[in-house]
There are 2 protein chains.
Amino acid sequence: MCEANVYIRRDGQDQLILESVDKLVPEPGQVSMINIFGQQKTIKARILELALVDHKIILEDL
Amino acid sequence: MCEANVYIRRDGQDQLILESVDKLVPEPGQVSMINIFGQQKTIKARILELALVDHKIILEDL
């Protein structure tokens, strides 16, 4: 499967927010995501980078 | 492999920008990406949504 794990980078450390994310939508002031298990999260952050071969999406706090 | 194809949505149609993208970085006013073949593109757009199980990243023009 080709979903990715979403992390937030804080003080140089990547903390796992939600694993196996399928859909992710950046919105003004927040990022919404849903994983393949139907779990949803919305957090006040922006996308820093995607590294898909590593299955990683890195966010940072707003 | 779990890279994704990057499309830009124009008039409801998704046009392929770059396939097999590994890394993608949203920056102010643009999105930079590089694929697994080393091809790079930077375009004036923002991320509309990620649909990773479908291997799709959708952008829209700024």
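Taking N as the number of residues in the protein assembly as shown, what value does Rg over Cα atoms divided by 2.2 N^0.38 Å take?
Scaled against compact globular proteins, the figure is 0.97.
Residue by residue through region A:22-36, which ³J(HN,Hα) values in whole Hz follow from phi under the Karplus form 6.51 cos²θ - 1.76 cosθ + 1.60 (θ = phi - 60°), with glycine and proline marked x?
9, 10, 9, 10, x, 10, x, x, 7, 10, 10, 8, 9, 9, 5
With a 1.4 Å probe and every protein chain left in place, tell me how much accessible area A:Lys23 has, in Å² to the nearest 10.
About 80 Å², rounded to the nearest 10.
To confirm my reading of the symmetry, which residue of chain B has the Cβ nearest the axis that brings B onto A, and what whole-Å distance does it have?
B:Cys2, 2
In square nanometres and to one decimal, what's the mean projected area of the convex hull around the Cα atoms of chain B? If you can, show how the numbers build up before the last one.
Details: hull surface 15.3 nm².
Reported value for the Cα convex hull: 3.8 nm².
Mind grabbing the interface size between B and A? I mean buried accessible area, both sides, 1.4 Å probe, in Å² to the nearest hundred.
Working: alone 4240 and 4220 Å², together 6740 Å².
Interface area, both chains combined: 1700 Å², rounded to the nearest 100.
Evaluate the relative contact order of chain A (contact order divided by residue number), counting alpha-carbon pairs under 8 angstrom at least 6 apart; express in whole percent.
33
What are the ³J(HN,Hα) values, in whole Hz, obtained from phi via the Karplus relation 6.51 cos²θ - 1.76 cosθ + 1.60 with θ = phi - 60°, for each residue of region B:3-15 in sequence order, with x given for Gly and Pro?
6, 10, 8, 9, 10, 10, 8, 10, 6, x, 10, 9, 9
Along Cα→Cβ at 7 Å, what distances in nm separate the A:Gly29 label point from those on the other copies, shortest first?
With the label placed 7 Å along Cα→Cβ, A:Gly29 yields 2.5 nm.
So what is the accessible area of chain B per residue, in Å², with the probe set to 1.4 Å? Provide the component values of the computation, followed by the final result.
Working: 3380 Å² over 62 residues.
Using a 1.4 Å probe on heavy atoms only, each residue of chain B averages 54 Å².
The values are calculated or read from the model by the stated rules, or taken from the named source; none is laboratory data. These figures come from a predicted structure and were not determined experimentally. As a convention, Cβ positions derive from the backbone with ideal geometry for all residues, glycine included, and neighbour counts pool all protein chains shown. In case anyone asks, the SASA skips ligands and DNA or RNA and just uses the protein heavy atoms, side chains included. Shrake-Rupley method; radii C 1.70, N 1.55, O 1.52, S 1.80 Å.
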